[in-house]
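Derivation of every value follows stated rules applied to the coordinates shown; laboratory data play no part. Because the structure is predicted, anything quoted here is derived from the model rather than measured. Positions of Cβ are generated from backbone atoms using ideal geometry, with glycine treated the same way; all protein chains shown enter the neighbour counts.
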Amino acid sequence: MLHTRTTPAERRRALRAGLASGRLLRMPGALNPLTARLIQETGFDAVYLSGAVLAADLGLPDIGLTTSAEIAARAQQTARVTDLPVLVDADTGFGEPMNAARTVQLMEDAGLAGLHLEDQVNPKRCGHLDGKTVAPRAEMVRRVRAAVDARRDPDFLLMARTDARSVEGLPAAIDRARAYVDAGADAIFPEALADVSEYEAFRAAVDVPLLANLTEFGKTPLLDTATLENLGYNIALYPVTLLRIAMGAVEDGLRTLAAEGTQKSLLPRMQTRSRLYELLGYEEYAAFDSAVFDFTLPPGD
Ligand SMILES: C[C@](O)(C(=O)O)[C@H](CC(=O)O)C(=O)O
Ligand SMILES: [Mg+2]
C-alpha cells in the first residue's frame with residue numbers, strides 16, 4: 001500500500017551494498033511507476049529510468065530535448081512507489097558542469113539512488129547510433145567533478161558513462177574511464193562495447209563497478225546474466241526492453257481491434273482487472289476506508 005516503506009537513504013545504501021557484493025544486479029528500465037512495481041514484484045534488484053524511454057514516452061527522440069526538471073519529476077513519481085533503488089539516466093547533465101551539479105541535487109531530492117552522466121556533447125544521441133561526438137576528456141572531467149562536489153548524500157551513486165568506444169576506440173575509452181574514476185566517479189558505464197573481449201578489457205582496466213548495457217537492436221551482443229557474472233560485471237541493464245515489449249503488444253492489439261471490431265480475441269493477452277488491483281495493493285486501501293474495496297470480481301477478470 002502506497003508502496004514504499006523505505007527511505008531514499010536506505011535504498012542508496014542497498015545499491016551500494018549490492019555493488020560491493022560482487023553479485024550481478026539486474027536492472028530493467030521502467031516505463032512508468034506502475035511497471036516499477038512489477039519490476040520489484042518479479043524479483044529484480046533495481047529499477048532504471050532510461051532517457052530514451054522518458055523521451056519516447058513524450059513522443060520525442062532521445063536527443064536531449066527533455067529537461068532535468070521534467071526527468072526529476074517523473075523519477076520522483078517512480079521512486080515513491082518502489083522499495084528498490086532507482087538509477088536515472090541524466091544524459092550529459094543537461095548543459096555545462098553547473099547544470100550537471102544542479103541535476104545531481106534535483107535527482108537526490110527526487111529520492112533516487114544514483115545517476116549516470118555521459119561524455120557526449122549536446123545534442124546527444126543514443127549511444128548505439130553512429131556519428132556521435134564526445135566532449136574533450138578534460139571537459140567531462142569537469143562535469144564529473146561538478147557532480148561529485150554537488151552531491152550531499154555520499155551514498156548517492158555517481159556513474160560516468162563513456163561513449164568514446166565507437167568514436168575514439170577502445171584504448172581511449174578505457175583511458176577516459178580511468179580519468180573519470182580519478183575525478184570521483186563511483187562506477188563506469190562503458191557504452192556500445194562490441195564483443196566479450198572488450199568487456200574483459202574494461203574489467204581488467206577499471207576497478208570500480210561496471211554496468212553492461214544490454215539494449216536491443218544495438219551494437220552490443222545480448223550477453224546473458226551468467227556470462228556477465230563471469231566477466232565480473234556488476235549491473236545488467238535492460239533499458240528499453242519493457243518499452244519495446246509493451247509497444248509491440250500495443251501495436252498488435254490496436255491492429256487486431258481495428259480488424260476484428262472487438263477486443264475479445266485479445267483478452268487472454270491482457271493483464272486482468274484482478275491482477276492489476278493486486279499489483280496496486282487495492283484491497284489494502286480498505287484499511288483507510290472499508291468502502292473503497294467492497295466488490296467481488298467474476299472468476300477470470
Ligand atoms: C541506455 C540509454 O542511454 C537509454 O536512454 O536508455 C540508451 C538506450 C537505447 O537507446 O537503446 C543508449 O544506450 O544510449
Ligand atoms: Mg540515454
Margin query: Quick check: the angle from helix 8-20's long axis to the longest principal axis of the chain, C-alpha only, nearest 10 degrees?
Written below: 60
Notebook entry, point to check: Cα gyration tensor of the range 41-100, axes a ≥ b ≥ c as square roots of the eigenvalues: rounded (a/c below 1.5), prolate (a/b > b/c) or oblate?
Noted result: prolate
Next item on the list: Return the Cα extents of the range 97-191 along principal axes one, two and three, sorted largest first, each rounded to a whole Å.
Entry: 35, 25, 20
Checklist line | Angle between the chain longest axis and helix 196-205 axis [Cα atoms, degrees, rounded to 10] | finding: 60
Check: Simple spin-label model, 7 Å along Cα-to-Cβ: K264 to S290 in nm?
Finding: 4.1
Next item on the list: For the range 223-268 and the range 106-131, compute the distance between their C-alpha centroids and round to whole Å.
Entry: 23
Next item on the list: Provide, for q = 0.13 Å⁻¹, the log10 of I(q)/I(0) from a solvent-free Debye sum over equal Cα point scatterers in the chain.
Entry: -0.91
Check: Against the longest alpha carbon principal axis of the chain, how many degrees, from 0 to 90 and to the nearest 10, is the axis of helix 68-79 turned?
Finding: 50
Checklist line | Prolate/oblate/rounded label for the range 161-204 (Cα gyration tensor, a/c 1.5) | finding: prolate
Margin query: Helix-only estimate, please: 222 nm mean residue ellipticity of the chain, summing -39500 (n - 2.57) across DSSP H runs of length 4 or more and dividing by its residues, to the nearest 500.
Written below: -13000 deg cm²/dmol
Note to self: How would the range 49-166 be classified by its alpha-carbon gyration tensor: rounded, prolate or oblate, with rounded meaning a/c under 1.5 and the a/b versus b/c comparison settling the rest?
What the structure shows: oblate
Check: aspartates and glutamates within cross-link reach of K124: Cα-Cα under 12 Å, excluding same-chain residues under 8 positions apart?
Finding: D62, D91, D163
